[in-house]
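> This structure is in structure tokens; I'll ask about it shortly.
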Amino acid sequence: MTDFTALLGAGFRRNAPSTLAAVANLETTLGLSLPLDYRDFLVWADGREGDVGDLYLSMWTVEQVVELNTLYSITTRMGQGFVGIGTDGGDYCFALDLRSGERFVVVPLGALAEDEVKALASDLVDGLTRIRDGYITGNDL
């Protein structure tokens with residue numbers, strides 16, 4: 001399991017962990033299996049936010065993943081398997097694109113369209129590592 005405390009650093013303030021049952025319920029609600037690294041993240045912290053590298057990272061709680069994907073019509077506009085999981089505290093949505101494999105991506109919330117999706121990394125942990133290490137900055141969004 002990834003050491004998210006070391007990965008995200010002291011600037012990231014986390015919520016209490018989610019439960020395995022809540023994560024399983026999220027998967028049922030979404031109709032898909034979440035990547036192991038994202039499930040591990042939710043069990044480490046049910047969302048929260050803070051500075052990581054050059055970015056502000058606001059990761060959604062299990063409840064917010066359901067609510068905000070519905071509110072922003074993310075699944076409707078991007079398709080089954082595209083799951084918003086947080087923002088930069090502003091207009092950009094971090095997501096897991098599970099439609100054909102797995103990618104950690106970003107897309108503007110106001111322009112949810114395929115041609116606006118930018119792949120940032122192969123998976124969540126790689127993406128968070130690249131953010132922490134300064135390989136992904138606000139200029140990359």
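> Within segment 39-49, can one find any residue that is part of a helix (DSSP H, G or I), modelled with pLDDT of 95 or more and of a type in the set (D, E, K, R)?
Yes, segment 39-49 contains a residue that is part of a helix (DSSP H, G or I), modelled with pLDDT of 95 or more and of a type in the set (D, E, K, R).
Each row is one residue, and each column tells you yes or no for (1) part of a loop (DSSP other than H, G, I, E, B); (2) closer than 23 Å to Ser122 by Cβ; (3) in contact with an Asp or Glu (Cβ under 7 Å, 6 or more places away or on another chain).
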| residue | (1), (2), (3) |
| --- | --- |
| Leu57 | no, yes, yes |
| Glu63 | no, no, no |
| Val66 | no, no, no |
| Arg99 | yes, yes, no |
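> Something else now. Do you know which residues across segment 17-39 are closer than 19 Å to Thr70 by Cα, in contact (Cβ under 8 Å) with a residue 24 or more places away in the chain and among the small types (Gly, Ala, Ser)?
Scanning segment 17-39 gives Ala22, Gly31.
> Looking at Ser122, Ser58, Ser100, Ser73 in this structure, which one is without any contact (Cβ under 8 Å) to a residue 24 or more places away in the chain and more than 18 Å from Thr2 (Cα to Cα)?
The conditions single out Ser100.
> Tally time: how many residues in segment 1-16 are in contact with a Lys or Arg (Cβ under 9 Å, 6 or more places away or on another chain), without any contact (Cβ under 8 Å) to a residue 40 or more places away in the chain and surrounded by fewer than 16 Cβ atoms within 10 Å (Cβ to Cβ)?
Residues in segment 1-16 being in contact with a Lys or Arg (Cβ under 9 Å, 6 or more places away or on another chain), without any contact (Cβ under 8 Å) to a residue 40 or more places away in the chain and surrounded by fewer than 16 Cβ atoms within 10 Å (Cβ to Cβ): 2 in total.
> Could you tell me whether segment 108-126 includes any residue that is among the basic types (Lys, Arg), farther than 20 Å from Arg39 by Cβ and assigned to a helix (DSSP H, G or I)?
no
> Find the residue count for segment 49-86, including only residues that are among the β-branched types (Val, Ile, Thr) and farther than 22 Å from Phe12 by Cβ.
5
> Can you tell me which residue among Ala111, Ala45 is surrounded by 19 or more Cβ atoms within 10 Å (Cβ to Cβ) and among the small types (Gly, Ala, Ser)?
Selected residue: Ala45, the only one of Ala111, Ala45 that is surrounded by 19 or more Cβ atoms within 10 Å (Cβ to Cβ) and among the small types (Gly, Ala, Ser).
> Could you list all residues from segment 1-31 that are in contact with a Leu (Cβ under 6 Å, 6 or more places away or on another chain) and over 19 Å from Arg130 (Cβ atoms)?
Ser18, Val23, Glu27
The values are calculated or read from the model by the stated rules, or taken from the named source; none is laboratory data. Since this is a predicted model, take the numbers as computed values, not measurements. Positions of Cβ are backbone-derived with ideal geometry, glycine not excepted, and every protein chain shown enters the neighbour counts.
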